[in-house]
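Single-structure report; data block below.
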2 protein chains.
Amino acid sequence: MAESLYANELVDAVRLALVSGVGPRHRQDLLVQFGSAAAVLAASSAELQSVSGIGPKIAARIAAAHQEIDAEAELALAAEHGIDVLTDSDESYPRTLRQIHDPPGVLFRKGTPAAEDELAIAIVGTRHATRYGIAQAERLAAGLAHVGFTIVSGLARGIDAAAHRGALEAGGRTIAVLGSGLLNIYPPEHDGLARDIAANGCLMSEVAPRMVPLSGAFPQRNRIISGLAVGAIVVEAASRSGALITARHAYEQGREVFAVPGPVDSRLSRGCHALIQDGAKLVETIDDVLAELGPLAENITHEDGRIVAQPAELLLNEIEQQVLQAIDCVPVSMDTVAAGCRLPIHRVLSTVSVLEMRHLVRRVSGTQVVRATSGPAKPR
Amino acid sequence: MAESLYANELVDAVRLALVSGVGPRHRQDLLVQFGSAAAVLAASSAELQSVSGIGPKIAARIAAAHQEIDAEAELALAAEHGIDVLTDSDESYPRTLRQIHDPPGVLFRKGTPAAEDELAIAIVGTRHATRYGIAQAERLAAGLAHVGFTIVSGLARGIDAAAHRGALEAGGRTIAVLGSGLLNIYPPEHDGLARDIAANGCLMSEVAPRMVPLSGAFPQRNRIISGLAVGAIVVEAASRSGALITARHAYEQGREVFAVPGPVDSRLSRGCHALIQDGAKLVETIDDVLAELGPLAENITHEDGRIVAQPAELLLNEIEQQVLQAIDCVPVSMDTVAAGCRLPIHRVLSTVSVLEMRHLVRRVSGTQVVRATSGPAKPR
């Protein structure tokens, strides 16, 4: 075998990811047991079978992977098509995905990632969307993209495509997570949409570029959609829609779940209504989304230089932003804030009231104010 | 003055109710202070003004009521038109209304009350309803009337009228609470509907029969609509709809509040969505209503002889009802239940599982079962 052009670690990670039958949970269990992809691939069939869920068939495939899977060729193919191949130790691997319990071991990505993609929201729903659902997905995606969210969805027909389009039409960023390989766009009529997404965001997949769409890959793919986002909005979904799987992943990953209501005589709103009955937040407008999202785990620096600690900040006007930036996690006096912003004190006081209503700051006394560190008070 | 045909207590209560400017809250405060309507009417202006909110103008009107208000004539007029006049000490005064903090002192009623009217649900909404809202009000009213609920509403155009019609078309009972007097049906085109309601339920009002509709009377009337019911369903309501006042009364009276979602681009669903965001239960079908209603404060005996302790019982089939009737508030063994129902034990066990799922019974051990005494577990 010729000397590889690629780091061994990457080659092994890709090789392991290409073994058929090894899903994210198996891979995670194998990595915990053996420590690295290289060690997994070097293990004997008997050693491999000591991991729960790994039978003789999968063990044999893993043991044969060095002979049978040409990971270098896959990497070369990816490079040829401008596809980045990331392992979770890669610096540009999405930080949000690292937090989930079964992150993709290898991520194939086409397009240019941006720091603000960490402030992402998923918008998903049925492939058989009504005009009503399409209109709502486009409207919410456009509105959220406009204030600075990256819109994540699955490139499927119906709601997904409407969400991507809404973001693009608003001049925003969007990420499509595919269940198939990045060289096998599915459905085929979304080829053009996929190109637009790659130019204004990213296409992502955890399966190798030439993989064909397997129906089993889609539910699994949904955990990446919700994992990339701070919350997931379900726009239209029948009672057994795949979008409800995304919502379940979102709950399990600690993301907020939102649902758009619709006519009770529409079969495609039933899934959304069931989510709301189970505690999902009802969404009419993007304000309903921003109001629910508490402080982010880590601050996000937007391309325009704004530092965002909590999504509700995205709705602030210039003066409100200015006053907020002058208030820190340590209590500070209103006079200091006024001096820092060069604003009259009465203006600072009224602006602090607005920020307080949006749960962004908290008065600790009549004259002292501090950044709020917990989410908005729940309505009940 | 000639000897009255009516009990003094009734005459005085009606006279006090007819004093213009004395609303339910004032009347309640006056009765607490003076003990009876007769004592209120006999009090001096100075004494009356010692009650908070009673100024010289209202005090003068009360003091003059004996001379100026011909309560006997009102009672004769009511009798002539088949209108019953009830005070809250009357036995047929609705028990549910006695529980609210500002019950009507006098209730004018046309129609025949029934014991099962205590199992009532209010269905209210905007006068400017869409076809969607009308259809939902009719469907829910018909479904709930069919299983045994009396439907309460306000005889207004739009949702109210649809709710009354739905109940009537299902062969059920319905109560209309008017803001005007019972001889001043408003809107006039609902004259025929009002006659149908009186024949299959009741018309009610707390104002004298000839009173014209005063806009201020309608919000006040809403507390009677929710007070008569175990819960209130808002079907369509704009952001400032009067139906939201009914919902607020329902909350304050400890009634369940339900709301029907709709398209987010319909102005007339905004009030409903706001209610759901504030904790109202989202309603798609009557099952959503029955599942939420816990045990009733007191058992209700239906005209067909059924004793209902909890609305969810209304959805039971014959065998489920039979098994439930054999289970008491004291734990009983499955064998005893089987013997009591003359059913095979496996049938009893499977039926108990159904009743358990509907939160009507609770297993206290593998072999003992008891009536559930608290409402359904909340979804979160």
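The values are calculated or read from the model by the stated rules, or taken from the named source; none is laboratory data. Fair warning: this is a prediction, and the values are worked out from it, not measured in the lab. Virtual Cβ from ideal backbone geometry, glycine too; neighbours counted across all protein chains shown. Just the protein is used for accessible areas: all its heavy atoms, side chains included, with ligands, DNA and RNA removed. Shrake-Rupley method; radii C 1.70, N 1.55, O 1.52, S 1.80 Å.
Reported count of residues in the range B:6-19, each being open to solvent by 30 Å² or more (accessible area, probe 1.4 Å) and within 25 Å of the chain's Cα centre (by Cα), is 2. Look at the range B:1-21: where a residue is farther than 8 Å from B:Ala37 by Cβ and a partner is at pLDDT below 85 and open to solvent by 30 Å² or more (accessible area, probe 1.4 Å), sitting 6+ places away or on another chain with Cβ atoms under 8 Å, you get B:Val11/B:Ser4. Scanning the range B:27-42 for residues that are of a type outside the set (Asp, Glu) and surrounded by fewer than 20 Cβ atoms within 10 Å (Cβ to Cβ) gives B:Gln28, B:Leu31, B:Val32, B:Gln33, B:Phe34, B:Gly35, B:Ser36, B:Ala38, B:Ala39, B:Ala42. Checking each residue in the range B:55-105 for being under 24 Å from the mean Cα position of the chain (by Cα), assigned to a loop (DSSP other than H, G, I, E, B) and of a type in the set (Asp, Glu) picks out B:Asp88, B:Asp90, B:Glu91, B:Asp102.
Among the numbered conditions (1) more than 10 Å from chain A (Cβ to nearest Cβ); (2) closer than 28 Å to B:Arg98 by Cβ; (3) open to solvent by 10 Å² or more (accessible area, probe 1.4 Å); (4) of a type outside the set (A, V, I, L, M), the only one that B:Arg267 does not meet is (2). Taken over the range A:280-301, the criterion of being loosely packed, with under 15 Cβ neighbours inside 10 Å and either free of Cβ contacts under 8 Å to residues at least 12 places away in the same chain or away from every other protein chain (no Cβ under 14 Å) (or both) is satisfied by A:Ala297, A:Glu298, A:Asn299, A:Thr301. Look at the range B:76-95: where a residue is over 14 Å from B:Gly111 (Cβ atoms) and of a type in the set (Gly, Ala, Ser) and a partner is open to solvent by 50 Å² or more (accessible area, probe 1.4 Å) and not in a loop (DSSP other than H, G, I, E, B), sitting 6+ places away or on another chain with Cβ atoms under 9 Å, you get B:Ser89/B:Glu9. Looking only at residues of the range B:114-142 that are over 17 Å from B:Leu155 (Cβ atoms) and part of a loop (DSSP other than H, G, I, E, B), we find that the one that is nearest to the other protein chains (Cβ to nearest Cβ) is B:Thr130. If I filter the range A:102-117 for residues that are at positive phi and in contact with a Gly (Cβ under 6 Å, 6 or more places away or on another chain), do I get at least one hit? For the range A:102-117, residues at positive phi and in contact with a Gly (Cβ under 6 Å, 6 or more places away or on another chain): present.
Quick one: is A:His273 within 30 Å of B:Glu138 (Cβ to Cβ) and either facing chain B (nearest Cβ under 9 Å) or open to solvent by less than 40 Å² (accessible area, probe 1.4 Å) (or both)? So A:His273 fits the description; yes. Consider B:Ser239 carefully, then state whether it is among the hydroxyl-bearing types (Ser, Thr, Tyr), in a loop (DSSP other than H, G, I, E, B), more than 23 Å from B:Glu74 (Cα to Cα) and out of contact with any Leu (no Cβ under 8 Å at 6 or more places or on another chain). In short, yes. For the range A:175-206, the set of residues classified as buried (at least 24 other Cβ atoms within 10 Å of the Cβ) and on the phi < 0 side of the Ramachandran plot consists of A:Ile175, A:Ala176, A:Val177, A:Leu178, A:Gly179, A:Leu182, A:Ile197, A:Cys202, A:Met204, A:Ser205, A:Glu206, listed by residue number. Among the residues making up the range B:73-96, those that are of a type outside the set (Gly, Ala, Ser), modelled with pLDDT of 90 or more and under 22 Å from B:Leu183 (Cβ atoms) are B:Glu74, B:Leu75, B:Leu77, B:Glu80, B:His81, B:Ile83, B:Asp84, B:Val85, B:Leu86, B:Tyr93, B:Pro94.
Selection of helices (runs of 4 or more DSSP H) fully inside the range B:265-334 by the criterion of at least 2 residues being at pLDDT 85 or above and more than 17 Å from B:Phe149 (Cα to Cα) returns B:270-277, B:318-325. None of B:Gly55, B:Gly23 is open to solvent by less than 40 Å² (accessible area, probe 1.4 Å) and modelled with pLDDT under 90 except B:Gly23.
Of all the numbered requirements in (1) under 22 Å from B:Glu116 (Cβ atoms); (2) within 14 Å of chain A (Cβ to nearest Cβ), B:Glu313 misses one, and that requirement is (2).
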